[in-house]
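Since every read-out is calculated from the coordinates, none of them should be taken as a lab result. Only a predicted model underlies this, so the values are computations on that prediction, with no experimental measurement involved. Backbone-built Cβ (ideal geometry, glycine too); neighbour counts: all protein chains shown.
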C-alpha cells in the first residue's frame with residue numbers, strides 16, 4: 001500500500017490527558033500508533049519563561065488525515081494554545097508503512 005505518513009506532535013500536562021487524546025485518535029483510526037513520552041518543556045508564555053513537566057504525544061498518521069487529526073486535537077485538547085506540529089516522514093520501512101496503512105484505512109473515507 002502506498003501512503004504518505006506523518007508524525008503529529010502535541011503536548012499535554014499529564015498522562016491522563018495524553019491517554020484520553022491517544023484513545024480518541026486510535027478509536028477513530030486516525031492514528032496507527034501514539035507514543036506518550038514524559039518530557040520537560042521550557043518556553044515563553046505570557047511574557048514569562050516557564051518550565052513544566054509534560055507528556056509529548058507522537059501520533060503516527062497519514063498525511064491526508066492531518067486536518068481531521070488537527071480538528072480532533074483542537075476540539076479535545078485541554079490547552080488554550082496547544083502545540084500541534086506535523087512532520088512529514090521522508091522514509092519508512094515497507095512493513096511498517098503497510099501496517100499503518102491497514103490500520104488507517106478504516107478512516108480513509110474521512111480524509
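Using a 10 Å cut-off around each Cβ, can you sort 42, 20, 97 from fewest to most neighbouring Cβ atoms? Could you put the intermediate results ahead of the total?
Details: 42 8, 20 15, 97 18.
Fewest-to-most ranking of 42, 20, 97: 42, 20, 97.
Taking the C-alpha atoms only, the angle from helix 66-76 to the longest principal axis of the chain is near 40 degrees. Once R0 is set to 41 Å, what does the formula 1/(1 + (r/R0)^6) return for the Cβ-Cβ distance between residue 43 and residue 106, expressed as a FRET efficiency to the nearest 0.05? Efficiency, from the Cβ-Cβ distance: 0.70.
Taking the C-alpha atoms only, the angle from helix 15-27 to the longest principal axis of the chain is near 20 degrees. Set against the 2.2 N^0.38 Å expectation for a compact globular protein, segment 5-103 has a Cα radius of gyration ratio of 1.11. Dividing the summed helix terms, -39500 (n - 2.57) for each DSSP H run of n ≥ 4, by the number of residues in the chain produces a 222 nm estimate of -9500 deg cm²/dmol to the nearest 500.
With the cut-off at under 11 Å, measuring from each backbone N in segment 49-63 to a point 7 Å along the Cα-to-Cβ line of residue 33 picks out 59-61.
Helix 94-104 axis versus longest C-alpha principal axis of the chain: approximately 80°, rounded to the nearest ten.
Label-to-label distance for residue 16 and residue 99 is 3.2 nm, based on points extended 7 Å past Cα in the beta-carbon direction. Sorted ascending by nearby beta carbons within 10 Å, beginning with the fewest, 17, 23, 90 become 90, 23, 17.
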